[in-house]
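What follows is a short report on a single structure.
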């Protein structure tokens, strides 16, 4: 645990907001396994090479994001796979696109694990009487499925997805909705725990937020975002540090 701005984190927060992907669990390895499962299916059923698959998927992803911008649907694997199939020279093939989407999410979920100490941290924060919110990009259905699969849905008082907000976190609206649901005023100190640079920038624009960056192991993963107030590698370290502040009257 590393505190970069002690003044921002010395008072008990009114509420704590969390990101989900690559914060409460590591998305990268499960994503790689899910994509491998999809690639294997496409190679077998469409008789394309791995290189052809990778090129078509990358083009499809870029096209969907360019068309939809910073919205929940711009993250849709269903749309990525539909466009990829079209780029491989077929018609839209709804049944195949749906099958690939289900393969992707089924493989990702069965491969994903909560980060060590994450659930214990949520339990302890709830026991301390702190309202907890989840603010996350992507569509509501898959994010709800993740929460239920991990067994942590019951710990959050509020869940806000970018589908509900109509724009990703970078557009600020998800944080505004979370604040409204929690009854948070602009002057109320809150904590936000996430991994992405937009988490830091957006939360500070909307809320009186002290921000904590969940830092990942691996190459290129230790870059600290400008304006961050604290960092940690393990949730156990964050939990142990937070006890002193949260225990204050």
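The residues on offer are 42, 48, and the sole one that is crowded, with 19+ Cβ neighbours inside 10 Å, outside the structural domain of residue 151 (by TED's automatic domain parsing) and over 24 Å from residue 136 (Cα atoms) is 42.
Filtered by the rule that a residue be surrounded by 17 or more Cβ atoms within 10 Å (Cβ to Cβ) and more than 20 Å from residue 55 (Cα to Cα), the range 83-108 gives 105, 107, 108. Within the range 170-201, the set of residues being within 13 Å of the chain's Cα centre (by Cα) and without any contact (Cβ under 8 Å) to a residue 60 or more places away in the chain comprises 174, 197, 198.
Counting just the residues of the range 62-73 that are under 18 Å from the mean Cα position of the chain (by Cα) and without any contact (Cβ under 8 Å) to a residue 40 or more places away in the chain, which one comes out surrounded by the most Cβ atoms within 10 Å (Cβ to Cβ)? Out of the qualifying residues, it is 65.
Every listed requirement among (1) over 23 Å from residue 199 (Cα atoms); (2) in contact with a helix residue (DSSP H, G or I) (Cβ under 8 Å, 6 or more places away or on another chain) is met by residue 121 save one, (1).
Remark: residue 217 falls outside the filter, which requires a residue to be touching a strand residue (DSSP E or B) at 6+ places or on another chain (Cβ under 6 Å) and either modelled with pLDDT under 95 or not assigned by TED's automatic domain parsing to the domain that holds residue 131 (or both).
The values are calculated or read from the model by the stated rules, or taken from the named source; none is laboratory data. Small disclaimer: the values here were computed from a predicted structure and weren't measured. Glycine gets a Cβ as well: all are built from the backbone with ideal geometry, and neighbour counts include every protein chain shown.
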